[in-house]
Amino acid sequence: MANRYFQPEQETMPLEDIQKLQSEKLVKQVKHVYDNVKYYRDLMDAKGVKPEDIHGIEDLHKLPFIKKDDLREAYPYGLLATDLSDCVRIHSTSGTTGKRVVAFYTQHDVDMWEECCARAIVAAGGDENDVCQVAYGYGLFTGGAGLHGGSHKVGCLTLPMSSGNTDRQIQFMMDLNATILCCTPSYAAYIGETLKEKGLKPEDNKLKAGIFGAEPWTEEMRHDIEKSLGIKAYDIYGLTELSGPGVSFECQEQKGMHINEDHFIAEIINPETGEVLPVGEKGELVFTSLDKEAFPLLRYRTRDICVLSREKCSCGRTFIRMTKPLGRSDDMMIIRGVNVFPSQIETVLLNCGYTPNYQIIVDRVNNTDTFDINVEMKEEDFSDIPVGITNREKELQNAMKAMLGINPKIHLVAPKSIARSEGKAVRVIDKRKRLGINV
Ligand code: ADP
Ligand code: ZN
C-alpha cells in the first residue's frame, strides 16, 4: 500500500526545513507570549531572558520551564494570550492528577488541532470512504472533539457516539459498518469483551483500525485488543494543555509516535535536574507550542516519561518519534522503596494470560507499605475451588516479584467484579495519601 499523508508537504519535510520552520515560528511565539501574558513575562524576566535573546531553536534552553502547577495557579485566565472574544472554545484536562486545567482555543487553534488528528486518522489508513466511530467522551474532555474534528477534516463519515452505552455502540458499529474506532484503550478492551459476550466474532464487524490513546497502555494490551476486535490498533498521544489528542500519532510502522513538529518542539529532560538530554535518552517530555494563539506554552513539562528517536521511518514521515509514555512520572509508585509503574503490572498480567482488568491498592500499616493487586479471572478459568485459586495467586505473585523486585499480595477475583472504564481507567488506589504521605 502506498504511503498516504493528510498534509504531505509538512509530514515529509526534510529535517533542515523543519528546524528552520521551528526557529522562525519559535521567535514569533515567544514574542507573542511575552507581549500578551503577564505570567510568562514575569517568568522570563525572573530568568533574565527577553524575546530578543531567542533567535531560533538553539536558544530554546534559555527559556524557563512551565509546569502544571503554574497552569493551576494561573487558572482560569492567567495564561490566556488573546482577547476572550477571539476564542471560540474551552476544554479542560481530565483531572487525572489533581485540579483540572482549562485551555482556550481560537478558530485557528481548533483547525490546527483537528488537522493533527486528521494526520493520525490518515496514518491509520483512514480516508473519505471510512466510517469513523468516535467513542471518546465528548464535552470538556478533548478526546471526543479532537477525533471528531479530525474525522471531518479527512472526510470520513463520522459517528459521534461519545463514550458509554456499550450496547448502542455495538449496535451502531454493526448496523452502520464502522471501519475505524476511536476511544481509550481500556474502553476498546471493554467493547471487545462485550462483543464476545454477545457471541460476535472479530470478523463479524467491519472495523479495520482503532485509534486509541489518552492513557498508558502496553504492547500486550494492544495485541489483546487487536485480537478481540480484529483490527490494527494505533496509538495516539496528546494533552489538553497543548490542544488535545494528535500531538503525536503512530504510522503503519508502529515504532513510536510521530510528533507534529511543525506545531510542537519536543525536548527530553532529566526530571530531577532539568538538564536537557540527547535524543535517545529516557526522560521527561517537554513541549513548546509553535503557533498557538490563545493558549501558547513554552517548555511545558508534561511529566510523561519517554524516549525520542530520529531514526528514519519507512512511512516517509520525517517527524521525530516518541515511545509510548510508560506512565507519568507521577504515576510511578514508590512501594517499600522500589519504583513501580502500573504498566509493568499490566505486562505481567497479560503475559500470564489474564485480562487487563485489575486494580492496585497501596496503603501503609504500621509504617510498612502494603501492596495488593486485585486481578480478575477469565470466565473460563473461574472456579470455586480455593486450592486452585491459591496456587494461581502464588504463581502470579512470583511472576510479579520477578518483574518488580517486590512481592505484591495477589487476589484473584470473580470475572466482571472490577468496574470497567468508558474513559481513562483508574488503576491505582493509593490510600497512603490519607496519611499525608507524598506519594
Ligand atoms: P489529564 O492530565 O488530567 O489526564 P488530559 O486528558 O489532557 O489530562 O491527558 C493528557 C495526559 O494523558 C498526557 O499527559 C499523558 O499522561 C496521558 N496520555 C495521553 N495519550 C496517551 C497515550 N497514547 N499513551 C499514554 N499516555 C497518554
Ligand atoms: Zn512512520
**Asked** Cys352 versus Val88, label points 7 Å from Cα toward the beta carbon: distance in nm?
**Response** 5.1
**Asked** What is the log10 of I(q)/I(0) for region 11-165, computed with the Debye formula using one identical point scatterer on each Cα and no solvent, at q = 0.10, 0.11, 0.12 Å⁻¹?
**Response** -0.49, -0.59, -0.69
**Item:** region 255-319-region 184-224 distance, computed between alpha-carbon centres (Å)
**Value:** 28
**Extension gain from Asn129 to Lys206, taking 0.36 nm per residue of separation minus the Cα-Cα distance** = 26.5 nm
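If I stretch the segment between Lys38 and Val279 completely, what's the gain in nm (0.36 nm per residue apart, minus their alpha carbon distance), one decimal?
Details: separation 241, 0.36 × 241 = 86.76 nm, distance 3.26 nm.
That pair, Lys38 and Val279, stretches by 83.5 nm at full extension.
Antiparallel versus total DSSP beta bridges in region 75-224: what percent is that, nearest 5? Each step should come with its number before you reach the end.
Details: 5 of 16 bridges.
In region 75-224, DSSP labels about 30 percent of beta bridges as antiparallel.
Please work out how much length the chain gains when fully extended from Asp69 to Ile334, using 0.36 nm per residue of separation minus the C-alpha to C-alpha distance, in nm with one decimal.
Numbers: separation 265, 0.36 × 265 = 95.40 nm, distance 2.17 nm.
Length gained, Asp69 through Ile334: 93.2 nm.
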**Asked** Considering only protein heavy atoms and a 1.4 Å probe, what is the carbon-and-sulfur percentage of the accessible area of the chain?
**Response** 51
**Radius, Kirkwood style, for region 333-435 when every pair of distinct Cα atoms is counted (Å)** = 14.2
**Prompt:** To the nearest 10 Å², what's Phe6's accessible area with a 1.4 Å probe?
**Reply:** 60
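Using the Cα centre of region 1-140 as the reference point, and only Cβ charges (+1 on K/R, -1 on D/E), how large is the resulting charge dipole? Debye, rounded to the nearest 20. Can you show the working numbers first?
Details: 17 positive and 24 negative charges, 141 e Å.
I would put it at about 680 debye.
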**Asked** What is the sum of charges around Arg89, taking Lys and Arg as +1, Asp and Glu as -1, for the other residues whose C-beta is under 14 Å from the C-beta of Arg89?
**Response** -4
**Two-site label geometry, Lys378 and Val426: point separation in nm, points 7 Å out along Cα→Cβ** = 2.9
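Quick test of the membrane-span-like rule: which DSSP H helices of the chain reach at least 20 Å along their long axis (C-alpha atoms) with mean Kyte hydropathy at least -1.0?
Values: long enough: 15-36 (31 Å, -0.93); 107-123 (24 Å, -0.05); 386-404 (26 Å, -0.46).
Those that pass (Cα extent of 20 Å or more, hydropathy at least -1.0) are 15-36, 107-123, 386-404.
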**Message:** Rolling a 1.4 angstrom probe over the protein chains, ignoring ligands and nucleic acids, what is the accessible area of Ser23 in square angstrom, nearest 10?
**Reply:** 20
**Request:** Pull up the DSSP beta bridges for the chain and report the antiparallel fraction as a percent, rounded to 5.
**Result:** 60
**Request:** Give the calculated FRET efficiency between Glu197 and Met403 to the nearest 0.05, with a Förster radius of 30 Å applied to their Cβ-Cβ distance.
**Result:** 0.50
**Prompt:** How much area per residue is accessible in the chain when the probe is 1.4 Å and only protein heavy atoms are counted (Å²)?
**Reply:** 43
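Taking a temperature of 25 °C and a viscosity of 0.890 mPa s, what whole-number D in µm²/s does Stokes-Einstein yield for region 381-427 with Rh from Kirkwood over alpha carbon pairs?
Numbers: Rh = 12.5 Å.
The Stokes-Einstein estimate is 197 µm²/s.
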**Cβ-defined net charge surrounding Tyr187, 12 Å radius [Lys, Arg +1; Asp, Glu -1]** = -1
**Asked** Which entries in the list Lys208/Lys409; Lys50/Lys153; Lys324/Lys431 go over 32 Å, if you measure between the two C-alpha atoms of each?
**Response** Lys208/Lys409; Lys50/Lys153
**Request:** Express the Stokes-Einstein translational diffusion coefficient of the chain in µm² s⁻¹, to the nearest whole number, given a Kirkwood radius over alpha-carbon pairs, 37 °C and a viscosity of 0.692 mPa s.
**Result:** 144
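Give me the net charge of Val365's neighbourhood, meaning all other residues with Cβ under 15 Å from the Cβ of Val365; Lys, Arg count +1, Asp, Glu -1.
On the way: positive: Arg336, Arg364, Lys409, Lys431, Arg432, Lys433, Arg434; negative: Asp363, Asp369, Asp372, Asp430.
Around Val365, the charge tally is +3.
The values are calculated or read from the model by the stated rules, or taken from the named source; none is laboratory data. All figures in this text were calculated on a predicted structure; none of them were measured in a lab. Neighbour counts run over all protein chains shown; Cβ positions are idealised from the backbone, glycine included. Ligands, DNA and RNA are excluded from the accessible area calculation, which covers all protein heavy atoms including side chains. Shrake-Rupley method; radii C 1.70, N 1.55, O 1.52, S 1.80 Å.
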